[in-house]
């Protein structure tokens, strides 16, 4: 499959995400924030970083980049979209995902190998994992606290829209230890930790992140 | 402003710093943002409605923030 990776001004992990896409057996297509063109890709990844310098709010300005009009349109039509870290923030600001991400409750940047549990393996991006599988991947964020009002939180918990949950420690004050969520349809996923940094033995904490980049293929041929 | 039910880590940091400077009796601090927007011509209801729209779509995130709009001539 052809998976587009969007580069915004201030994106950091776009090249890593492209590499992870290729290691996962897919073709990586570079997309540019200023172009209202998805180049015919089958899926889109919004990578981590500090797009537009995190000015105003993380993801608030990126949401209105020309490419995002196309991403929102495609996501609403069912195209798989994965937002990692800053990409997760952009998807929340775009209202493609419920909730929002605020500054870590302890107010410090956190960088650690984080244990997670996959809570929903029925999404476009997590089907390669077992339900309840525990994985360890890198977490690095300053504003990763997932929040939502009580009604929204009850709804996403009840509907199984929590995709991944932090284990051992809650690193940023996220409600219900939520590390990632999906939309009602299951095609849009946001994740605060970074699976693209855990796809090769040489670097990172192992291969636990690879499933996010192989799930689309497995889903297509399942 | 962050909604009352949303944790405000920046406000908490400021609240923690105030007693260290000798300011006592502060029971809570919430930190928000203020935008000063200059407009052409008179501020009619239609113009004000446009500013409300700016506040709702870009300047604030209604999921976690409340906003108010006021006019200064």
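Summary table
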| quantity | calculated |
| --- | --- |
| Unique match (being within 14 Å of chain A (Cβ to nearest Cβ), more than 20 Å from residue A:99 (Cα to Cα) and without any contact (Cβ under 8 Å) to a residue 60 or more places away in the chain) among B:34, B:20 | B:34 |
| Residue in the stretch B:53-62 that is closer than 18 Å to residue A:104 by Cβ, in a loop (DSSP other than H, G, I, E, B) and at pLDDT 95 or above present | yes |
| Residue under evaluation residue B:58, criteria (1) in contact (Cβ under 8 Å) with a residue 24 or more places away in the chain; (2) within 14 Å of chain A (Cβ to nearest Cβ); (3) out of contact with any strand residue (DSSP E or B) (no Cβ under 6 Å at 6 or more places or on another chain), criterion not met | (1) |
| Residue ID - farthest from residue A:196 (Cα to Cα), chosen from residues in the stretch A:139-151 that are within 14 Å of chain B (Cβ to nearest Cβ) and within 18 Å of the chain's Cα centre (by Cα) | A:148 |
| Qualifying residues in the stretch A:195-210 (those that are touching a strand residue (DSSP E or B) at 6+ places or on another chain (Cβ under 6 Å) and more than 21 Å from residue A:42 (Cα to Cα)) - the one surrounded by the fewest Cβ atoms within 10 Å (Cβ to Cβ) | A:205 |
| Count of residues meeting criterion [under 12 Å from residue A:46 (Cα atoms), in contact with a helix residue (DSSP H, G or I) (Cβ under 7 Å, 6 or more places away or on another chain) and not in a strand (DSSP E or B)] in the stretch A:64-93 | 4 |
| For residue A:31: the one exception among (1) assigned to a loop (DSSP other than H, G, I, E, B); (2) in contact with a helix residue (DSSP H, G or I) (Cβ under 7 Å, 6 or more places away or on another chain) | (1) |
| Residue under evaluation residue B:4, criteria (1) within 14 Å of another protein chain (Cβ to nearest Cβ); (2) surrounded by 11 or more Cβ atoms within 10 Å (Cβ to Cβ), criterion not met | (2) |
| Per-region count, the stretch A:44-61, residues away from every other protein chain (no Cβ under 14 Å) and out of contact with any helix residue (DSSP H, G or I) (no Cβ under 6 Å at 6 or more places or on another chain) | 2 |
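Residue-wise test of (1) outside any strand (DSSP E or B); (2) within 18 Å of the chain's Cα centre (by Cα); (3) surrounded by 14 or more Cβ atoms within 10 Å (Cβ to Cβ).
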| position | (1), (2), (3) |
| --- | --- |
| A:104 | yes, yes, yes |
| A:113 | no, yes, yes |
| A:121 | yes, yes, yes |
| A:127 | yes, yes, yes |
| A:137 | no, yes, yes |
| A:153 | yes, no, yes |
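Matching residues to (1) closer than 26 Å to residue A:103 by Cβ; (2) touching a strand residue (DSSP E or B) at 6+ places or on another chain (Cβ under 6 Å); (3) buried (at least 17 other Cβ atoms within 10 Å of the Cβ):
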{"site": "A:22", "(1), (2), (3)": "no, yes, no"}
{"site": "A:26", "(1), (2), (3)": "no, yes, yes"}
{"site": "A:31", "(1), (2), (3)": "no, yes, yes"}
{"site": "A:39", "(1), (2), (3)": "no, yes, no"}
{"site": "A:44", "(1), (2), (3)": "no, yes, yes"}
{"site": "A:58", "(1), (2), (3)": "yes, no, yes"}
{"site": "A:69", "(1), (2), (3)": "no, no, no"}
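The values are calculated or read from the model by the stated rules, or taken from the named source; none is laboratory data. Computed from a prediction, not measured in an experiment: that's the story for all the values here. Every residue, glycine among them, receives a Cβ derived from its backbone with ideal geometry; neighbour counts consider all protein chains shown.
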